[in-house]
Amino acid sequence: MTTPGSTPADNPPPSQTPVTESAWPMATRATTGRIPVLSRSAHDRGHRLRDLPDPTRGRPVHVLTVDERRNVPVHEGPKGPQLVWDEQPELPVGAVFLGEADGVPYAAVRGERALTVNGRPVDTWTGLREVGADLDDLEAGLLAEAIGILEWHERNRFSPLSGAATTIERAGWVQRDPETGAEIFPRTDPAVIMLVHDGGDRCVLGRQAVWPPGRFSILAGFVEPGESAEGAVAREVAEEVGLEVTDVRYVGSQPWPFPQSLMLGFTARADGDTTLHLDEDEIEEARWFTRDELRSGSGPRVLPPPVSIARHIIDRWVEGEL
């Protein structure tokens, strides 16, 4: 029978600095918003404007450069980080239209790093994982959209029907197969991420071997063809930690464009025997942790960063809101 809570031996000190340290730092703060931070948005995506020959309608456009590592130019302002936009008189060739806010059109394009953008200084080039939680609602939403749509273009340059190189239409939101004429739209892969609890004060957190040492998070996995999200929750929990679950409840969703996922958040209650049986190909370690351990910091050495919906769900559960 699994003992409630954990011991200091459950979370040994790291043996070396992991390569993903910057994306999952030791010091992470709790989330405070009612929705996951990457679900924030304050712009109109301009769906109908994409059909126009010029979706900007002749207005100057703010263009975000995204380099090959998915990093973007950032300036540290007095109130926190801000994206550095290149103000162009028209939509550049190859740019994808992102939408508009307060009469300003926005777009994104692949490009190279530079020390300045249109004369404005760049303090650093960094990614959505590192800066997404610190941006305001407008820039967080634009950055998540930019990364997602550009990743789709990078990974889908040829038609899955004929193998022919596609042509880009509708301001970057459609690729067309020149041989069959078929339109190919951006895809999003649904994934479930779930906090499994015992109906009381304990929840399951696990870790993969590729994560930095001492970091734990809730369970997750992709939805398979012909499967509901709730079915995926039950299957993934059974596969990864050997638990049967019931009372599967939807919490919320968040885009995760690495490269093209939509995370569907749930809670689920363990049903029956709560002994954990790990699939060692997927989970290196998993434990039951109490609310008090998570609240006090005496459980896992590090929880997920606030940019992840995992942290949003954990924080809401710890506070008794789920």
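The values are calculated or read from the model by the stated rules, or taken from the named source; none is laboratory data. Computed from a predicted model, the values in this text were never measured in an experiment. For neighbour counting, all protein chains shown are included, and Cβ atoms are generated from backbone atoms with ideal geometry for every residue, glycine included. Accessible surface areas use protein heavy atoms only, side chains included; no ligands, DNA or RNA. Shrake-Rupley method; radii C 1.70, N 1.55, O 1.52, S 1.80 Å.
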ARG176 being of a type outside the set (Ser, Thr, Tyr) and at pLDDT 95 or above: yes
Qualifying residue in region 89-109 (condition: assigned to a strand (DSSP E or B), on the phi > 0 side of the Ramachandran plot and modelled with pLDDT under 95): no
Of residues in region 110-133 being part of a loop (DSSP other than H, G, I, E, B) and free of Cβ contacts under 8 Å to residues at least 12 places away in the same chain, the one surrounded by the most Cβ atoms within 10 Å (Cβ to Cβ): LEU115
Odd one out for LEU262 among (1) at pLDDT 95 or above; (2) open to solvent by less than 10 Å² (accessible area, probe 1.4 Å); (3) closer than 24 Å to GLU130 by Cβ: (2)
Given (1) open to solvent by 60 Å² or more (accessible area, probe 1.4 Å); (2) on the phi < 0 side of the Ramachandran plot, number of the condition LEU138 does not satisfy: (1)
Test set (1) surrounded by fewer than 17 Cβ atoms within 10 Å (Cβ to Cβ); (2) not in a helix (DSSP H, G or I); (3) not hydrophobic (A, V, I, L, M, F, W, C) - GLY231 fails condition number: (2)
Subset of region 274-319 (residues that are of a type in the set (Asp, Glu), in a loop (DSSP other than H, G, I, E, B), touching a residue at least 24 places away in the same chain (Cβ under 8 Å) and more than 12 Å from ARG215 (Cα to Cα)): ASP279, GLU282
Scope region 241-258; condition open to solvent by less than 30 Å² (accessible area, probe 1.4 Å) and either free of Cβ contacts under 8 Å to residues at least 24 places away in the same chain or under 11 Å from the mean Cα position of the chain (by Cα) (or both); matching residues: GLN254, PRO257
Residues located in region 264-273, provided they are out of contact with any Gly (no Cβ under 9 Å at 6 or more places or on another chain), part of a strand (DSSP E or B) and of a type outside the set (Val, Ile, Thr): PHE266, ALA268
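A quick yes/no check of all residues on (1) in contact with a Pro (Cβ under 8 Å, 6 or more places away or on another chain); (2) over 17 Å from ASP136 (Cα atoms):
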site: ARG48; (1), (2): no, yes
site: VAL63; (1), (2): yes, yes
site: VAL66; (1), (2): no, yes
site: LEU83; (1), (2): yes, no
site: ASP86; (1), (2): no, yes
site: VAL93; (1), (2): no, yes
site: GLY103; (1), (2): no, yes
site: VAL109; (1), (2): yes, yes
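So which residues in region 82-101 are under 26 Å from the mean Cα position of the chain (by Cα) and open to solvent by 20 Å² or more (accessible area, probe 1.4 Å)?
Filtering region 82-101 down to residues under 26 Å from the mean Cα position of the chain (by Cα) leaves 82-86, 94-101.
Answer for region 82-101, where residues must be under 26 Å from the mean Cα position of the chain (by Cα) and open to solvent by 20 Å² or more (accessible area, probe 1.4 Å): GLN82, ASP86, GLY94, GLU100.
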Subset of region 1-50 (residues that are modelled with pLDDT of 70 or more, surrounded by 13 or more Cβ atoms within 10 Å (Cβ to Cβ) and either closer than 30 Å to GLY320 by Cβ or over 28 Å from the mean Cα position of the chain (by Cα) (or both)): THR28, ALA30, THR31, GLY33, ILE35, PRO36, VAL37, LEU38, SER39, ARG40, SER41, ALA42
Boolean, THR274 is more than 25 Å from the chain's Cα centre (by Cα) and either open to solvent by less than 20 Å² (accessible area, probe 1.4 Å) or closer than 16 Å to THR28 by Cβ (or both): yes
